[in-house]
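Values in this text are rule-based calculations from the coordinates and carry no lab data. Here the structure is a predicted model, which is why all the values come from computation and not from measurement. Heads up, the Cβs are rebuilt from the backbone with ideal geometry, glycines too, and the neighbour counts pull from every protein chain shown.
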């Protein structure tokens, strides 16, 4: 990657909120031109704090961030000109038509009337909203609003597009449709895309590289494939049933098998990393046959990003940390707006 | 400079939203109508009764010279004419003081962040919203003037006077919206903002001569009314409605309001700069 031009360079980035909450704790990363870079983590991991700092919406407590070659803290105005930002809020104005929403955004970026005409046509075609452009945004479905919101982020042809939780609250068909658009944008416009998500599938499908973030710290950065390879084998997940003492012994016996690399317990389940899942399952049954322990449930799969996440953070992505009250309120509101048809 | 264009497009958005909110536009007509019909008629009878009683007492006491209603009402021929200026000031006050709610909603819906992530001048957000409130208020006040005429209020300074009334009221609503927008930028919840608005609204009205003449106020309230901006809106409005072209009074009131607008506008801009640096 070093031979490519970097469009985002972050060093020691830190965010401490009033009251001393350390949301981001000295993170380093760089994003290359044309890359789709994803930040994966649960609510409260620090993703939103990073994206609001990079888009100049909140101040940087420590460290430096260069976006499109400009220092975010020193020249926020120049950064704003170079980036597009699509928040997780579905922030289209319901009282304006799609066309008016885009027009307003274009004017905020100082586009001339000539440019407005041409670009509006261009982006409306791209997000397939041309027929509905003159209807009020409140009549749009969740997916249409999201597409309008993304179109607004594209109107000034930014070098970097920031997408904060681009498919939060959308149903699966709409989500796939949005993914299609994101990939299309990169292909057609060569745009650099920085996104945050807490959906594994989304990170896996879209991103060239993923940063796994937990409690304000980046735990790993790599391509999805290499992150999965990091685990180094198949993943067997099982639930054990026993009167008590026997489980420890059963786990010891499983650990003793030559194929087994690692055994971890998480919630009610035991996760066993092995070289070859299909061949190892019968051996596991065999080795614990003489103990009182029974296997009540067992699954074998190739490692997915969920397992990667658990591997790097010691926690499942679904053990979500509770956000603030205001954050929760906003998120519910977004869900409601997204689902409305 | 891009500031002018940014202000215009913030204003443009607010106006688009205004026309769509049909209930809001309807309420701007309905509310003053209620005030004139209920408050105005009742008080008209009450003040006339009071004046008649007083006159009778004076005649029996052997006093000389006629005592007219206008002595009670700061020179107004009837309560309806007296209160017209107060209702206009109250409309401007309520139009302005609720102006900050749009910031809280924009923040909650994420639209504020969208504006802040765009390369626009921060000052354009409060200034564009203030301008929109002034224009919306002008429309409301124009409707009230027509309603007042229907209820028999005679505007002594004619069309020129009415235009000046619209202008002064618009300036005042703009000034109040500056305070409200600064509060909206600072407070994050709509509930807190509404609580403060409610706490401000009634005292501002009743510590001014908007509804009742200053001569009826107890001393401490009168002293307080000198610090209340509503007093300085009501004064020139009344002069224009029924006293005539008393330039000194009009200019004095108007310049206090201009100063008020400059002050609260600066407050709103500074608070936006601080809250969203």
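Quick notes on this one:
- Spin-label model distance (nm) - residue A:217 vs residue A:239, 7 Å beyond Cα toward Cβ: 3.3 nm
- Intensity falloff of the range B:93-189 expressed as log10 I(q)/I(0), Debye formula with alpha-carbon point scatterers, at q = 0.11, 0.17 Å⁻¹: -0.41, -0.75
- Once divided by 2.2 N^0.38 Å, the Cα radius of gyration of the range B:2-275 becomes 1.10.
- FRET efficiency for residue A:114 and residue B:154, using Cβ-Cβ distance with R0 set to 60 Å, rounded to 0.05: 0.65
- The range B:170-277 has equivalent-ellipsoid semi-axes of 29, 18, 10 Å, by the square roots of 5 times the alpha carbon gyration tensor eigenvalues, sorted largest first.
- Kirkwood-Stokes translational diffusion coefficient of chain A, alpha-carbon pairs, 20 °C, 1.002 mPa s, µm²/s: 97 µm²/s
- Kirkwood-based Rg to Rh ratio, the range A:1-70, C-alpha trace: 0.98
- Mean sequence separation of contacting Cα pairs (under 8 Å, at least six apart), scaled by the length of chain A, corresponds to a relative contact order of 20 percent.
- Rule-of-thumb Rg ratio for the range A:182-309 [Cα; 2.2 N^0.38 Å; N residues]: 1.33
- C-alpha long axis of helix B:229-238 to longest principal axis of chain B, angle in °: 50 degrees
- Volume of the Cα convex hull of the protein assembly as shown, divided per residue and given in Å³: 209 Å³
- Relative counts (whole %) of C-alpha pair distances in the range A:233-302, using bins that are 10 Å wide: 22, 63, 16, 0
- A straight line joining the Cα centroids of the range A:103-129 and the range B:172-191 runs 32 Å.
- Its relative contact order, with pairs defined as Cα atoms under 8 Å and 6+ residues apart, puts chain B at 26 percent.
- Crossing angle, helix B:41-60 versus chain B [Cα axis fit, 0-90 degrees, rounded to tens]: 30 degrees
- Over the range B:152-206, equivalent-ellipsoid semi-axes from the Cα gyration tensor in Å: 32, 14, 7
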